[in-house]
Amino acid sequence: MLKSELEIFKEKVKEGFAKIKSDFSGQSKEIARIKDESLEIKKDYVKIKELLFSLKKDMEEIKEYAEVKANERKKGSKQKKNSKILVLNRIFNILSSGKTKTNELKNQVVEVEKLCSKASFYRYVDELIEKNKVVGVKSNEGAFLILNSLEEQKNEDV
């Protein structure tokens, strides 16, 4: 009877160890699966980190590009504001040599020097005529522009 209890005990111990061994085997498989998932997650993390770095770089390039374009627009707007002054100065310089045909003046400013468009040129000339800085004269020879005398301009400014 003692032996049989001892044998029963041995079998129960064997069964217990077999169960423990089975549990360890199952847990080892679970640990291996978790390690594999962890490696995949790490790979995904590295990819995401690379993408974020790339996006950050792209954003910096876009920001720099936007700043350059904004500066170009600012420079362009300054040139546009100054272009009227440049055109008016050029008109005065040409007219200071005496009476000039309107068409010749337009060709010089618009076609040759390309300081402004034809519409802008005529708008500037109209403005100068309205302010009595320039006098428009029509004759058989054509339309002429002449600088108004300084004394008349001084009297009008007062």
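The values are calculated or read from the model by the stated rules, or taken from the named source; none is laboratory data. Only a predicted model underlies this, so the values are computations on that prediction, with no experimental measurement involved. Because the Cβ atoms are built from the backbone with ideal geometry, glycine has one as well, and the counts that use them run over all protein chains shown.
When Ile85, Ile48, Ile41 are screened for being assigned to a helix (DSSP H, G or I), loosely packed, with under 10 Cβ neighbours inside 10 Å and either touching a residue at least 60 places away in the same chain (Cβ under 8 Å) or within 40 Å of the chain's Cα centre (by Cα) (or both), only Ile85 passes.
Total residues in the stretch 118-139 satisfying the condition of being in a helix (DSSP H, G or I) and not aromatic (Phe, Trp, Tyr): the figure is 10.
Summed over the stretch 128-158, the residues that are at pLDDT 85 or above and surrounded by 10 or more Cβ atoms within 10 Å (Cβ to Cβ) give a count of 15.
Out of curiosity, is Ile8 modelled with pLDDT of 90 or more, in a helix (DSSP H, G or I) and either surrounded by 10 or more Cβ atoms within 10 Å (Cβ to Cβ) or touching a strand residue (DSSP E or B) at 6+ places or on another chain (Cβ under 7 Å) (or both)? Give the derivation first.
Working: modelled with pLDDT of 90 or more: no; in a helix (DSSP H, G or I): yes; either surrounded by 10 or more Cβ atoms within 10 Å (Cβ to Cβ) or touching a strand residue (DSSP E or B) at 6+ places or on another chain (Cβ under 7 Å) (or both): yes.
So Ile8 fails the test.
Filtered by the rule that a residue be more than 33 Å from the chain's Cα centre (by Cα), of a type in the set (A, V, I, L, M, F, W, C) and surrounded by 14 or more Cβ atoms within 10 Å (Cβ to Cβ), the stretch 110-127 gives a lone residue, Val125.
Go through the stretch 130-140 and give me each residue that's farther than 16 Å from Ile85 by Cα and touching a residue at least 12 places away in the same chain (Cβ under 8 Å).
Step one: list which residues in the stretch 130-140 are farther than 16 Å from Ile85 by Cα, which gives 130, 132, 135-140.
Answer for the stretch 130-140, where residues must be farther than 16 Å from Ile85 by Cα and touching a residue at least 12 places away in the same chain (Cβ under 8 Å): Asn132, Val135, Gly136, Val137.
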